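Trainee: One structure follows; several queries about it will come next.
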Amino acid sequence: MSAMWIDHVQVAIPKGGEAAAREFYAQLLGLTEIPKPSSLAGRGGLWLQAANIQFHLGVDPDFRPATKAHVGFAVENLSAVLGRLEAAGYDIQPDDSVAGLNRAFTSDPFGNRVELLESAHPAGM
(Lines give C-alpha, C1' and ligand atoms only; values in the text may rest on other atoms or scores of the structure.)
Protein backbone atom coordinates (compact mmCIF):
# COMPACT_ATOMS: atom_id res chain seq x y z
CA MET A 1 0.00 0.00 0.00
CA SER A 2 1.21 3.52 -0.69
CA ALA A 3 0.05 6.96 0.36
CA MET A 4 -2.29 8.54 -2.15
CA TRP A 5 -2.40 12.17 -0.98
CA ILE A 6 -2.07 14.35 2.08
CA ASP A 7 -5.38 14.73 3.87
CA HIS A 8 -4.15 17.05 6.62
CA VAL A 9 -1.12 18.31 8.50
CA GLN A 10 -1.13 19.00 12.23
CA VAL A 11 1.01 21.50 14.09
CA ALA A 12 1.07 21.88 17.87
CA ILE A 13 0.09 25.03 19.72
CA PRO A 14 0.06 25.77 23.44
CA LYS A 15 -3.14 25.68 25.49
CA GLY A 16 -5.12 28.89 25.02
CA GLY A 17 -3.43 29.73 21.71
CA GLU A 18 -6.52 29.54 19.50
CA ALA A 19 -7.12 33.31 19.18
CA ALA A 20 -3.51 34.01 18.19
CA ALA A 21 -3.60 31.06 15.77
CA ARG A 22 -6.77 32.40 14.13
CA GLU A 23 -5.21 35.81 13.68
CA PHE A 24 -2.02 34.41 12.13
CA TYR A 25 -3.31 31.52 10.01
CA ALA A 26 -6.79 32.77 9.05
CA GLN A 27 -6.48 36.56 9.00
CA LEU A 28 -2.87 37.01 7.88
CA LEU A 29 -2.32 33.88 5.75
CA GLY A 30 -5.90 33.53 4.51
CA LEU A 31 -6.70 29.94 5.49
CA THR A 32 -10.37 29.19 6.11
CA GLU A 33 -11.45 27.89 9.50
CA ILE A 34 -13.63 24.79 9.32
CA PRO A 35 -15.61 23.25 12.18
CA LYS A 36 -14.03 20.47 14.16
CA PRO A 37 -16.17 17.38 14.71
CA SER A 38 -18.17 17.80 17.92
CA SER A 39 -16.46 14.71 19.34
CA LEU A 40 -13.09 16.57 19.14
CA ALA A 41 -14.14 20.15 19.89
CA GLY A 42 -13.48 19.83 23.64
CA ARG A 43 -9.78 19.19 23.03
CA GLY A 44 -9.11 22.77 21.97
CA GLY A 45 -7.19 23.78 18.89
CA LEU A 46 -8.76 24.49 15.53
CA TRP A 47 -8.97 23.20 12.01
CA LEU A 48 -8.36 25.26 8.88
CA GLN A 49 -8.33 24.51 5.19
CA ALA A 50 -6.31 25.66 2.19
CA ALA A 51 -7.51 24.36 -1.17
CA ASN A 52 -8.14 20.64 -0.56
CA ILE A 53 -5.74 20.14 2.37
CA GLN A 54 -6.76 20.55 5.98
CA PHE A 55 -4.44 22.16 8.48
CA HIS A 56 -5.03 21.19 12.10
CA LEU A 57 -3.70 23.07 15.10
CA GLY A 58 -3.71 20.79 18.12
CA VAL A 59 -3.18 21.76 21.74
CA ASP A 60 -0.13 20.07 23.25
CA PRO A 61 0.20 20.37 27.04
CA ASP A 62 3.97 19.88 26.65
CA PHE A 63 4.22 22.34 23.76
CA ARG A 64 7.63 23.09 22.26
CA PRO A 65 7.82 25.07 19.02
CA ALA A 66 8.95 23.31 15.85
CA THR A 67 11.91 25.48 14.84
CA LYS A 68 13.19 23.28 11.98
CA ALA A 69 10.26 21.08 10.92
CA HIS A 70 7.69 23.25 9.16
CA VAL A 71 4.73 23.55 6.83
CA GLY A 72 5.26 25.24 3.49
CA PHE A 73 2.30 27.25 2.21
CA ALA A 74 2.19 28.06 -1.50
CA VAL A 75 0.66 31.52 -1.79
CA GLU A 76 -0.41 33.94 -4.47
CA ASN A 77 1.25 37.35 -4.25
CA LEU A 78 3.97 36.48 -1.77
CA SER A 79 5.01 40.11 -1.39
CA ALA A 80 1.50 41.07 -0.19
CA VAL A 81 1.44 38.21 2.33
CA LEU A 82 4.88 39.16 3.63
CA GLY A 83 3.80 42.79 3.85
CA ARG A 84 0.80 41.84 6.03
CA LEU A 85 3.03 39.74 8.27
CA GLU A 86 5.64 42.49 8.63
CA ALA A 87 2.93 45.06 9.40
CA ALA A 88 1.69 42.72 12.14
CA GLY A 89 5.20 42.56 13.63
CA TYR A 90 6.43 39.21 12.31
CA ASP A 91 10.08 38.77 11.33
CA ILE A 92 10.62 37.62 7.74
CA GLN A 93 13.69 35.74 6.51
CA PRO A 94 13.84 35.78 2.68
CA ASP A 95 15.42 32.73 1.09
CA ASP A 96 16.62 32.43 -2.51
CA SER A 97 18.27 29.02 -2.27
CA VAL A 98 15.77 27.20 -4.52
CA ALA A 99 15.79 28.18 -8.19
CA GLY A 100 12.38 29.10 -9.57
CA LEU A 101 10.83 29.87 -6.19
CA ASN A 102 10.32 33.08 -4.32
CA ARG A 103 10.18 32.08 -0.68
CA ALA A 104 10.61 33.26 2.86
CA PHE A 105 10.37 31.93 6.38
CA THR A 106 8.67 33.32 9.44
CA SER A 107 7.43 31.94 12.74
CA ASP A 108 3.84 31.72 13.92
CA PRO A 109 2.92 33.36 17.26
CA PHE A 110 4.21 30.29 19.12
CA GLY A 111 7.61 30.00 17.43
CA ASN A 112 6.69 27.28 14.91
CA ARG A 113 8.61 27.75 11.65
CA VAL A 114 6.46 28.56 8.59
CA GLU A 115 7.59 28.64 4.95
CA LEU A 116 5.77 30.79 2.40
CA LEU A 117 6.49 30.33 -1.28
CA GLU A 118 5.34 31.13 -4.78
CA SER A 119 6.66 30.25 -8.17
CA ALA A 120 9.07 32.78 -9.62
CA HIS A 121 7.20 32.07 -12.87
CA PRO A 122 3.49 32.42 -11.90
CA ALA A 123 2.18 30.94 -15.16
CA GLY A 124 3.90 27.70 -14.12
CA MET A 125 1.97 27.41 -10.86
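The values are calculated or read from the model by the stated rules, or taken from the named source; none is laboratory data. Nothing here was measured: the structure is a model prediction, and the numbers come from that model. Note that each Cβ is placed from the backbone with ideal geometry, even for glycine, and that neighbours are counted across all protein chains shown.
Trainee: I want to confirm something. Restricting to region 1-53 and keeping residues that are acidic (Asp, Glu), touching a strand residue (DSSP E or B) at 6+ places or on another chain (Cβ under 8 Å) and at pLDDT 95 or above, which single residue is farthest from residue 65 (Cα to Cα)?
Mentor: The qualifying residue farthest from residue 65 (Cα to Cα) is 33.
Trainee: OK, next. Do you know which residues across region 89-114 are in contact (Cβ under 8 Å) with a residue 24 or more places away in the chain, more than 21 Å from residue 45 (Cβ to Cβ) and crowded, with 17+ Cβ neighbours inside 10 Å?
Mentor: Once the filter is applied, which keeps residues that are in contact (Cβ under 8 Å) with a residue 24 or more places away in the chain, more than 21 Å from residue 45 (Cβ to Cβ) and crowded, with 17+ Cβ neighbours inside 10 Å, region 89-114 yields 102, 103, 104.
Trainee: Confirm whether residue 10 is within 12 Å of the chain's Cα centre (by Cα) and loosely packed, with under 13 Cβ neighbours inside 10 Å.
Mentor: no
Trainee: Could you list, in sequence order, the residues of region 67-101 that are of a type outside the set (Ser, Thr, Tyr), at pLDDT 95 or above and more than 21 Å from residue 49 (Cα to Cα)?
Mentor: 68, 83, 86, 87, 88, 89, 91, 92, 93, 94, 95 - these are the residues of region 67-101 that are of a type outside the set (Ser, Thr, Tyr), at pLDDT 95 or above and more than 21 Å from residue 49 (Cα to Cα).
Trainee: Tell me, which residue of region 15-63 that is basic (Lys, Arg) and touching a residue at least 12 places away in the same chain (Cβ under 8 Å) is surrounded by the fewest Cβ atoms within 10 Å (Cβ to Cβ)?
Mentor: For region 15-63, the residue satisfying everything is 43.
Trainee: Next question, about the same structure. Would it be correct to say that residue 75 is in contact (Cβ under 8 Å) with a residue 40 or more places away in the chain and closer than 12 Å to residue 108 by Cα?
Mentor: Here the answer is no, as residue 75 does not meet what is asked.
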